[in-house]
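What follows is a single structure, written as structure tokens, with notes after it.
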């Protein structure tokens with residue numbers, strides 16, 4: 001039976017860009033998609049698949065605090081995602097390599113409201129630095 005206290009909450013998540021903790025970020029999504037090539041083989045009535053190229057995409061969302069993303073421009077950087085709920089079986093860290101933003105938000109504000117900053121990006125590899133393993 002599932003111990004509900006072990007379910008991980010994103011409350012303790014952290015995002016680091018080139019080693020600097022981005023305290024203004026409150027949401028991160030990153031995933032890898034693989035291009036599968038469909039093959040038809042003689043003597044086989046099933047289509048089979050061969051792995052092709054992979055594509056990493058993601059989005060980081062938070063509040064605008066500095067002009068760092070504008071200054072960074074389209075230069076590549078690394079992201080480390082840390083997920084660490086004190087009640088979980090441990091913490092997870094994932095390194096996203098060769099990150100580059102898709103577009104740079106120059107202005108997006110409304111009087112009397114917090115200024116959100118959402119940045120889409122691609123990445124060119126990843127490494128699971130610390131996996132979470134149930135005891």
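Coordinate-derived values only; no laboratory data. What you see is a predicted model; the values in this text were computed from it and never measured. In this analysis, Cβ positions are derived from the backbone assuming ideal geometry, glycine residues included, and neighbour counts consider all displayed protein chains.
Name the shape class, rounded, prolate or oblate, that the alpha-carbon gyration tensor gives for the stretch 59-98, where a ≥ b ≥ c are the square roots of its eigenvalues, rounded holds for a/c under 1.5, and otherwise prolate holds if a/b is larger than b/c and oblate otherwise. Oblate shape, in that a/c is at least 1.5 and b/c is the bigger or equal ratio. Placing a label point 7 Å from the Cα of residue 95 along the Cα-to-Cβ direction, the residues of the stretch 116-135 whose backbone N falls under 20 Å of that point are 122-133.
Each of 28, 2 has some number of other Cβ atoms within 10 Å of its Cβ, and from fewest to most they run 2, 28.
Across 122, 11, 61, mean-square fluctuation computed from a Gaussian network of the chain (C-alpha pairs under 10 Å connected) peaks at 11.
Taking all Cα pairs closer than 8 Å and separated by 6 or more residues, the relative contact order of the stretch 1-62 comes to 31 percent. Taking other C-beta atoms within 10 Å as the exposure proxy, 60, 69, 1 rank 1, 69, 60 from fewest upward.
Among 97, 50, the ranking by other beta carbons within 10 Å of each residue's beta carbon, starting with the fewest, stands as 50, 97. Taking max minus min of the alpha-carbon positions on each principal axis, the chain gives extents of 67, 42, 27 Å, largest first. Potential lengthening of the chain between residue 35 and residue 106 amounts to 22.3 nm, from the contour at 0.36 nm per residue minus the alpha-carbon distance.
Across the stretch 4-130, C-alpha contacts under 8 Å between residues 6 or more apart give a mean separation that, scaled by the residue count, equals a relative contact order of 27 percent.
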